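The values are calculated or read from the model by the stated rules, or taken from the named source; none is laboratory data. Quick caveat: nothing in here was measured; it's all calculated off a predicted structure. Ideal geometry is used to build each Cβ from the backbone, glycine not excepted, and the neighbour counts take in all protein chains shown.
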Amino acid sequence: MVFVGIFMLMSFTVDQTEKIEFSCVKTHKATNTCHFNFTVDGVKYRYIDMGCKYNRNVQEVLKKVKDGSLALAKDWIIDCPKPRDKKERDFDN
């Protein structure tokens with residue numbers, strides 16, 4: 001009976017790699033930290049990189065998150081910038 005229960009639990013596992021989505025990275029220069037924002041199944045998560053080791057290599061951070069080797073904290077501290085309209089960008093020049 002125990003084996004049936006274990007088999008049923010293993011059959012209901014969900015592949016998390018398809019639900020992880022990178023949102024943005026923001027650098028906080030005063031504290032030398034980089035804030036990586038992710039969305040996992042619609043919920044906001046963050047990873048704070050002390051010293052900004054991964055600032056240039058976002059794909060490496062995303063790979064480590066999908067592998068489960070980086071711990072994510074819930075909620076964003078620094079929000080992602082909102083995309084601006086083309087008309088707004090034209091006035092900046």
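Quick notes on this one:
- Restricting attention to region 55-91 and to residues that are among the charged types (D, E, K, R) and not in a helix (DSSP H, G or I), the residue that is modelled with the lowest pLDDT turns out to be Asp85.
- Identity of the residue in region 45-56, of a type in the set (Lys, Arg) and surrounded by fewer than 16 Cβ atoms within 10 Å (Cβ to Cβ), that ends up farthest from Ala73 (Cα to Cα): Arg56
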